[in-house]
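Shown next, in structure tokens, is the structure this report addresses.
The values are calculated or read from the model by the stated rules, or taken from the named source; none is laboratory data. Only a predicted model underlies this, so the values are computations on that prediction, with no experimental measurement involved. Cβ placement follows ideal geometry from the backbone for every residue including glycine, while neighbour counts extend to all protein chains displayed.
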Amino acid sequence: MDWGILKSSVEALQNRGTGLQRRLRSLRRRLVLLMAVVGPGLITSNVDNDAGGISTYTQAGAQYGYMLLWALIPMTIALYVTEEMCARMGVVTGKGLSDLIREEFGFRPTFFVMITGFFVDLANVVAEFAGVAAAMQIFHVSKYVAVPIAAMLVWILVIRGTYRQVEVIFLFACILYLSYVFSAILAKPDWLIAAKYTVIPNIHFDLGYLVMLTGLVGTTIAPWQFFYLQAGFVEKKVGPRQYSQAKADVLFGSVSCMVIVFFIIVCTAATLYAHNQRDITDAGQAAQALIPLAGKWAGTLFAFGLLNASLFAASILPLSTAHVICEGLGFEAGLDHKFKEAPIFYWLYTILIVVGAGVVLLPSAPLWKILIFSQVGNGIWLPVVVIFILLLVNRRDLMGEYVNTLGYNIVAWVTAIAMIVLTLFVSYAAFFQQGPSPGG
Amino acid sequence: MELYATELMGVRTYDAQGNYVGRVREFFIEPAEAPNRISHFLLSRGRFQPLVAKHNQIASISEKKIQLNVGEKALEIYQPNESWLAVQKDLLDQQIIDTRGRKVVRVNDLDLAEQRTNGNVELRLTQVDVGLPGAVRRLLQGVVPPGVVRKLQRPLPPSTIRWEFVNLIEPDPLRRVKLRITHEKLEDLHPADLADIMEDLSATERQSIIASLDEETAAAVLAELDARLTKQIVEDLDPEKAADILEEMAPDAAADLLADLSKETSEELLDEMPGQEANEVRELLEFDPATAGGMMNPEFVFVGENSTREEVVEWLRRQDRNLDQLDTIVLLDNNVQYSGAVPVTRLLLAAPGEPMGALKMEPLVSLPPDADEKEVFQLFDKYNLRMLTIVNKDNRPIGAIAVDDVVSRLVKK
């Protein structure tokens, strides 16, 4: 009888790919490999340029012209070094930062890190929605319309989308930061002088200058970003084999973040500082002031950049916070779960958005105080998180061959201590100074 | 009475003479002796070397004090022991697999029960707490009095897992042997559930579990996992083990997996596989993944069109293969060319002597291996197919695409 389990024969098979086809396929595969890793680093660094950040950069440019540009290079290094440690931990251990803190330091420290994080992040979310309100004012849209729509948009985006879709949208948002580049070009700055000030340090010892400097560092390196970055690599299942791609992602993210900061400072320095309009306190005001100085387009692009940054950060901050808390306490977390599978995760996320946007809508909202609180909160929370990171990344039983090298440790600890000193200083200044605080 | 591990941490211990010995800092279980008995209590006493009390040296236990039935001199000095499971270090705050709830959870606390055995009291680990009551105890124990903690946790919904259903995750294979950790219970889970569990673990944990599963289960799990994860796992496996697992997979699944690997790794694995299986996979690898050939499985059931229903059923019965997924049988004519397909329901309902040729579906559909996947989808949609035969130029069947292959392809899009 002629039946049986058939084995196909080599001769019968056609459709062998030609050499060219195969080479194209391998190129595509390599691109896919890189794209599979890229994302967390680029997104995290760019979210650093959030509403609070842009306001600080604007003030830095308006008050001190090009004088603070030199700080960008050391800041890039600091940002890269701290972020890279988290990326490495995520890639090597496959666990989130709050997971690791929980497993290695126990329940109570984790709980306090998370509770602090919740309130600090909530204050930051308020700041983002305030940024949305300020940007939309330039386009003559009332905050009572703009903020609820923004909140809905952010909520739907994350609840309805899958991780991949959301990431693509976030990567697109990164590109929109380029509006600041055009804004700066329209402002017609003196590029030669800007370049000179970037390379040659220009240090002053008056209090205002130092406060502004610490504000720059403080808004650029925010504690929650480490959790987001590490979780991003974990959720993408990036393994040690793709560590070099992950590193490239973080490096590219840190540099591109600082390039945007450069253009924001140059833009405001060439216009507001040059025309003696130095008492700007937030990015919305700056956009308004740019219109008569550099033309309608410069101001519009500036406001658009602020809107994009605020929306972007407003989508990521609540997400990151909900993640951190659920991971640490052992609740299901992550966008790949449905609402029913991870109710606490989605509820936390929703509360952060509703309260964050709601506060901005209060007619007599103490926005100024909340902004200061978010800055001080970041400052207090940051050293704690960085020390946890350094303790963890040096554990050989966790990291194996990927522990920090001595040289790396030195750079990282110097960065950490500098950040701690600077942020304590800015927190102190924010508390005890009556005048406008940096980063407002 | 029920006791909690957090409550007992730090409790003062007294010897038979009533002298203070030290505070409890850790509990150990010796799985080789008894899977759930607290076998040793670590007692620390400041700057002195810590002591160990054995389970048969305990006279009574409460959340306020532990009473020994021997003098302090009878206790041994603590020596670290790899074959002891440390409750605080190895269990609290760590992730475990809940084999009944089929998910990965984090341990907040442990529930212990007293058991009296001739003259002494033993503690048995009954369940692990993964819910809010445990979290509240962890947060408040030592800050507010134990009685208040108990009152506070009472209204909270309990969430516990019986110790028998707990599967520990230990990446170190040596320690796993010493602690008698096996993943046998995981092999009883559905591969899709096991794959979900794998997604929640870190790379090293995943790796250690896959390596300890039997090849058949491992193959089924890999087939359910996301392509990127599968790739990572196979790359990190010992090539011999990886080849064994690939051998257990359906050739089309194995080919899809190998197509994602580098040329060298994929060749290395194919060389490790037995010749026949390796050849099947090699042939499939030649097809573009987006064609019918790239989707088909070269293993399918076919019979001659002249054979009777009875003969076919008899033959199927004798196969020692798993035919759970079988729902269509391919027919061949006398020239070994494709002549039709018979759904098993028709076979089931046919009279014993009926020839297979009389049962085949109309119209006769098939595709060549270089047909685009879109054509495959359209045919499945148009004729409500459950299986599609792929034929070569000479109209000989070389493979078949099942409806579940189509579904998973469409889901990925």
For this session: Name, by its number, the condition in (1) closer than 25 Å to B:P289 by Cβ; (2) more than 10 Å from chain A (Cβ to nearest Cβ); (3) surrounded by fewer than 17 Cβ atoms within 10 Å (Cβ to Cβ) that does not hold for B:G357.
Result: (1)
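Criterion first (of a type in the set (A, V, I, L, M) and farther than 20 Å from B:I398 by Cα) does B:V313 satisfy it? Can you show your working first?
Numbers: of a type in the set (A, V, I, L, M): yes; farther than 20 Å from B:I398 by Cα: yes.
So B:V313 fits the description; yes.
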Problem set entry | Single unsatisfied condition, B:D288 versus (1) part of a loop (DSSP other than H, G, I, E, B); (2) at the interface with chain A (Cβ under 8 Å from one of its Cβ atoms); (3) under 29 Å from B:E362 (Cβ atoms) | (3)
For this session: Report yes if some residue within the range B:135-158 is under 27 Å from the mean Cα position of the chain (by Cα), at pLDDT 80 or above and within 14 Å of chain A (Cβ to nearest Cβ); otherwise report no.
Result: no
For this session: Restricting attention to the range B:170-200, report how many residues are within 30 Å of B:A113 (Cβ to Cβ), within 14 Å of chain A (Cβ to nearest Cβ) and buried (at least 18 other Cβ atoms within 10 Å of the Cβ).
Result: 2
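Only one residue in B:V344, B:V281, B:V303, B:V365 is at the interface with another protein chain (Cβ under 10 Å from one of its Cβ atoms) and either surrounded by 15 or more Cβ atoms within 10 Å (Cβ to Cβ) or in contact with a Lys or Arg (Cβ under 6 Å, 6 or more places away or on another chain) (or both), so which one is that? Outline the logic, then answer.
On the way: B:V344 fails: at the interface with another protein chain (Cβ under 10 Å from one of its Cβ atoms); B:V281 fails: at the interface with another protein chain (Cβ under 10 Å from one of its Cβ atoms); B:V365 fails: at the interface with another protein chain (Cβ under 10 Å from one of its Cβ atoms).
Within the list B:V344, B:V281, B:V303, B:V365, the selection yields B:V303.
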Problem set entry | Residues located in the range A:299-319, provided they are over 14 Å from the mean Cα position of the chain (by Cα) and of a type in the set (S, T, Y) | A:T300
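Quick check on this structure: which one of B:R228, B:R206 is at pLDDT below 85 and facing chain A (nearest Cβ under 10 Å)?
Values: B:R206 fails: at pLDDT below 85.
After ruling out the rest, the residue left standing is B:R228.
Only residues that are of a type in the set (D, E, K, R) and away from every other protein chain (no Cβ under 14 Å): list them for the range A:238-279, please. Full working, then the answer.
First, pick out the residues of the range A:238-279 that are of a type in the set (D, E, K, R): A:241, A:247, A:249, A:278-279.
Residues satisfying the conditions are A:K247, A:D249, A:R278, A:D279.
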Seminar exercise, completed: When (1) part of a helix (DSSP H, G or I); (2) touching a residue at least 60 places away in the same chain (Cβ under 8 Å) are applied to A:S244, the one that fails is (2)
Seminar exercise, completed: Among strands (runs of 3 or more DSSP E) entirely inside the range B:31-127, those with 1 or more residues being touching a Ser or Thr at 6+ places or on another chain (Cβ under 7 Å) and β-branched (V, I, T) are B:65-68
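Any idea which of B:N167, B:N118 is more than 14 Å from chain A (Cβ to nearest Cβ) and at pLDDT below 80? Talk me through it step by step, then tell me what you get.
Numbers: B:N167 fails: at pLDDT below 80.
Testing whether each residue is more than 14 Å from chain A (Cβ to nearest Cβ) and at pLDDT below 80 leaves just B:N118.
Yes or no, residue by residue, for (1) part of a helix (DSSP H, G or I); (2) under 30 Å from A:P189 (Cα atoms); (3) out of contact with any Phe, Trp or Tyr (no Cβ under 7 Å at 6 or more places or on another chain):
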| position | (1), (2), (3) |
| --- | --- |
| A:Q225 | yes, no, yes |
| A:A231 | yes, no, yes |
| A:D249 | yes, no, yes |
| A:A269 | yes, yes, no |
| A:L272 | yes, yes, yes |
| A:Q277 | no, yes, yes |
| A:G284 | yes, yes, yes |
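Rundown of residues vs (1) among the basic types (K, R); (2) farther than 21 Å from B:M295 by Cα; (3) buried (at least 17 other Cβ atoms within 10 Å of the Cβ), yes/no style:
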site	(1), (2), (3)
B:Q232	no, yes, yes
B:P239	no, yes, no
B:P251	no, no, yes
B:D260	no, no, yes
B:E264	no, yes, no
Seminar exercise, completed: Selection from the range A:252-272 of residues modelled with pLDDT of 75 or more and more than 18 Å from A:A309 (Cβ to Cβ) yields A:F252, A:A269, A:A270, A:T271
Exercise. Quick check: is even one residue across the range A:59-78 within 14 Å of another protein chain (Cβ to nearest Cβ) and more than 20 Å from A:L251 (Cβ to Cβ)?
Worked result: no
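Got a sec? Which of A:R108, A:R102 is without any contact (Cβ under 8 Å) to a residue 12 or more places away in the chain and in contact with a helix residue (DSSP H, G or I) (Cβ under 7 Å, 6 or more places away or on another chain)?
On the way: A:R102 fails: without any contact (Cβ under 8 Å) to a residue 12 or more places away in the chain.
The conditions single out A:R108.
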Problem set entry | Condition broken by A:I325, with the remaining ones in (1) over 20 Å from the mean Cα position of the chain (by Cα); (2) of a type outside the set (G, A, S); (3) within 14 Å of chain B (Cβ to nearest Cβ) satisfied | (1)
